[in-house]
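The values are calculated or read from the model by the stated rules, or taken from the named source; none is laboratory data. The structure displayed is predicted, hence computed values, not measured ones. Heads up, the Cβs are rebuilt from the backbone with ideal geometry, glycines too, and the neighbour counts pull from every protein chain shown.
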Amino acid sequence: MSQPQNLTEELGEEIITQTGNNKSLKIVQLYPRDMNIYGDWGNTLSLSRRAQAHGFTTEIVDYNPGDEFPLDGDIFIGGGGQDSGQSVVQDDLLANAETLRMLAQDGTPMLVICGLYQLFGKEFKTVGGETLNGVRIFDAKTVGGEERLIGNIVEESEEFGTLVGFENHSGLTYLSGDTKPLARVTKGEGNNTEDDGEGAHVHHVIGTYLHGSLLPKNPAVSDYLIKHAAIKKYGEFTPVVIDDSLVEKARASAAARPR
């Protein structure tokens, strides 16, 4: 089944935009046409609904190569894709690299999964020998491996506590400089097979290999993105107490699954 062109087309406008506390957040979905093969639509929808639960009106904007770049985005989110998808978006991504770095340094929260996580680093050398240059938000390099790192993954983060998800990648990512891992893996592989780090975290930009989708099972990450978007735009964030009891049951079940 082909993916819808945008979430509004599939789900209806009433889900995307709801009346909140007269404060709004614009969520920009980067390259959904080419980079959304690992449940990334679910991440975007989950983030939107979480923001609505905190009282915000949300707008989701898709950005694909050739579109006018939405400089007024409050949260940027991007997903995974095959090497072919990364090649398609690479030129457009590099054309916007300076803008993305400026937004990141200015405190705009972002979440990039798998393929876009790799391209937010310095470079990705594919297993076929092609070098894809990245936007250099993360001080990281990725090289293509011969085997896939695949399975359920559990990790511990100083910022978010226990994170659960599913990894499926052959790229091996190595961090350096001031870029720190998002978390330390307790079950699974993570960035590579040589250390226990997974993902990357600089400014308010998060990169990770966790699919699943990530955000429905890890609402603390959504809350982080929403919090920093709200503070940047409005100068404050007053969270709503949300009943996550069902989410906690799902997280426990996911964490207990075999690798």
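General observations
- Taking the criterion of being over 18 Å from the mean Cα position of the chain (by Cα) and modelled with pLDDT of 95 or more, the residues of the range 24-66 that qualify are S24, Q52, A53, H54, G55, F56, T57.
- Checking each residue in the range 45-87 for being among the acidic types (D, E), in a loop (DSSP other than H, G, I, E, B) and under 20 Å from Y234 (Cβ atoms) picks out D72, D74.
- Of all residues making up the range 191-212, the number that are hydroxyl-bearing (S, T, Y) and crowded, with 22+ Cβ neighbours inside 10 Å: 2
- Residues of the range 160-179 satisfying the condition of being closer than 23 Å to N218 by Cα, loosely packed, with under 15 Cβ neighbours inside 10 Å and either hydroxyl-bearing (S, T, Y) or in contact with a strand residue (DSSP E or B) (Cβ under 7 Å, 6 or more places away or on another chain) (or both): none
- Qualifying residue in the range 239-247 (condition: touching a strand residue (DSSP E or B) at 6+ places or on another chain (Cβ under 9 Å) and either small (G, A, S) or under 18 Å from A51 (Cα atoms) (or both)): no
- The one condition from (1) closer than 27 Å to I150 by Cβ; (2) touching a strand residue (DSSP E or B) at 6+ places or on another chain (Cβ under 9 Å); (3) not polar (S, T, N, Q) that A230 does not meet is (1).
- Flag for L132 being aliphatic (A, V, I, L, M), in contact (Cβ under 8 Å) with a residue 12 or more places away in the chain, part of a helix (DSSP H, G or I) and over 22 Å from K217 (Cα atoms): no
- Search result, residues across the range 69-88 that are surrounded by fewer than 23 Cβ atoms within 10 Å (Cβ to Cβ) and either of a type in the set (A, V, I, L, M, F, W, C) or at pLDDT below 95 (or both): F69, L71, Q82, D83, S84, G85, S87, V88
- Members of the range 213-240 that are among the β-branched types (V, I, T) and surrounded by fewer than 19 Cβ atoms within 10 Å (Cβ to Cβ): I231, T238, V240
- Taking the criterion of being touching a Phe, Trp or Tyr at 6+ places or on another chain (Cβ under 8 Å), touching a residue at least 24 places away in the same chain (Cβ under 8 Å) and assigned to a loop (DSSP other than H, G, I, E, B), the residues of the range 88-122 that qualify are N96, T108, P109, C114, F120, G121.
- Some residue of the range 107-116 being modelled with pLDDT of 95 or more, more than 18 Å from Y209 (Cβ to Cβ) and not small (G, A, S): yes
- Counted residues, the range 122-141 - those being surrounded by 23 or more Cβ atoms within 10 Å (Cβ to Cβ) and farther than 13 Å from Q86 by Cα: 3
- Scanning the range 248-259 for residues that are exposed (fewer than 15 other Cβ atoms within 10 Å of the Cβ) and assigned to a helix (DSSP H, G or I) gives E248, K249, A250, A252, S253, A256.
- Members of the range 163-183 that are in contact with an Asp or Glu (Cβ under 6 Å, 6 or more places away or on another chain), within 24 Å of K227 (Cβ to Cβ) and either modelled with pLDDT under 95 or of a type in the set (V, I, T) (or both): T179
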